[in-house]
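Below: one structure, written as structure tokens.
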Amino acid sequence: MTIRRATAADVHPIVEMLADDPLGAQRESPGDPAYLKAFEVIDADPHQYLAVADSDGEVVGTLQLTFTGGLSRLGMTRATIEAVRVRSDQRGKRLGEQLVLWAIDEARARGCGLVQLTTDASRVDAHRFYERLGFTASHVGMKLPL
């Protein structure tokens, strides 16, 4: 398995993984051309890295890594991990762990001082997973739909 930057050809399998859980099934629409347009924006932004786990030419996992500069903490750059997904037939093989550890290494290599993420309050198994990898629940996340 290798982890690489996603290409336009990977968008469909990524969206299929995003839709393959109870939350994603309610908000994703596989096949919609909006995903390719969004991919183009992400791919053109040097502060974004849409990664896929590739096993023999098949996309079996994904995550998005965003690099955000800021003034706080002496101008520290942060990395945010989002949309971690593993294809359903590949779960239980520690692929998610490999993806997150890769993201942490990538953040470190880019000079980030912090890696952060959010996970839906209902994803109790994900909370345990991230805590096992050393993440702590230090903040309360809030959203405002527009």
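Where does the Debye-calculated log10 I(q)/I(0) of the chain sit at q = 0.19, 0.20, 0.21 Å⁻¹, using only Cα point scatterers of equal weight, no solvent? Each listed q corresponds, in turn, to -1.36, -1.49, -1.61. In the context of the full set of protein chains, residues of the stretch 70-135 present 62 Å² of accessible surface per residue (probe radius 1.4 Å, heavy atoms only).
Counting only Cβ charges, +1 for Lys and Arg and -1 for Asp and Glu, the dipole size of the chain around its Cα centre is about 620 debye. Estimated from helical segments only, the mean residue ellipticity of the chain at 222 nm is -10500 deg cm²/dmol, where each DSSP H run of four or more residues counts as -39500 (n - 2.57). Carbon-plus-sulfur accessible fraction, the chain (probe radius 1.4 Å, protein heavy atoms only): 55%.
The values are calculated or read from the model by the stated rules, or taken from the named source; none is laboratory data. Since this is a predicted model, take the numbers as computed values, not measurements. Positions of Cβ are generated from backbone atoms using ideal geometry, with glycine treated the same way; all protein chains shown enter the neighbour counts. Each accessible area value is taken on the protein alone, full model and side chains, heavy atoms only, with ligands, DNA and RNA left out. Shrake-Rupley method; radii C 1.70, N 1.55, O 1.52, S 1.80 Å.
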